[in-house]
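Remarks on the structure that follows.
The numbers here are math on the coordinates, done by the rules we state, and not lab data. Quick caveat: nothing in here was measured; it's all calculated off a predicted structure. Note that we place each Cβ from the backbone using ideal geometry, even for glycine, and neighbour counts take in every protein chain shown.
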Amino acid sequence: MPWDKEIYKNWAGRKSEATPIRQALNNVFDQYRLTGKFREKRLVHSWERLMGKPIANRTSNIYIKDNILFVHLSSAPLKNELTLSKNKVLDIFEKEFGAGILEDIRFL
């Protein structure tokens with residue numbers, strides 16, 4: 001059977017136009033359902049930048065589970081102060097990463 005151009009004309013293989021790196025990575029993250037995990041890792045790694053060095057120095061562990069940010073603190077007064085200003089901390093993270101990534105913050 002001779003090679004038929006019509007068969008391969010609509011083939012969904014490799015695209016002929018170039019795709020920007022950002023769009024290609026976003027497509028890969030969406031395809032493998034990694035977008036949420038990537039955003040969570042970025043959030044955890046940005047704790048020092050967003051909250052400041054004094055708070056980061058008194059933070060021993062940070063992780064996200066079920067859209068709740070758990071922060072282990074070594075200072076009881078800091079824990080109390082951050083608990084009282086929990087909504088402000090949530091607003092800081094929502095401005096940086098968008099709504100929906102965190103539902104709550106627990107200071108331990």
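Helix 86-97: angle to the longest alpha-carbon principal axis of the chain, degrees 0 to 90, nearest 10?
Helix 86-97 and the main axis of the chain meet at about 20 degrees.
Please list 3J(HN,Hα) in residue order for the stretch 27-34, calculated via the Karplus relation 6.51 cos²θ - 1.76 cosθ + 1.60 where θ = phi - 60°; whole Hz, with x for glycine and proline.
In residue order, the calculated couplings are 5, 5, 4, 5, 5, 9, 6, 10 Hz.
So if each residue of separation counts as 0.36 nm, and I subtract the Cα-Cα distance between residue 33 and residue 65, what length gain in nm does that give?
The span from residue 33 to residue 65 would gain 9.9 nm if fully extended.
Between residue 95 and residue 21, how many nm apart are label points set 7 Å from Cα along the C-beta direction?
2.9
List nothing, just return the count: lysine pairs in the chain, 8 or more apart or interchain, with Cα separation under 22 Å.
18
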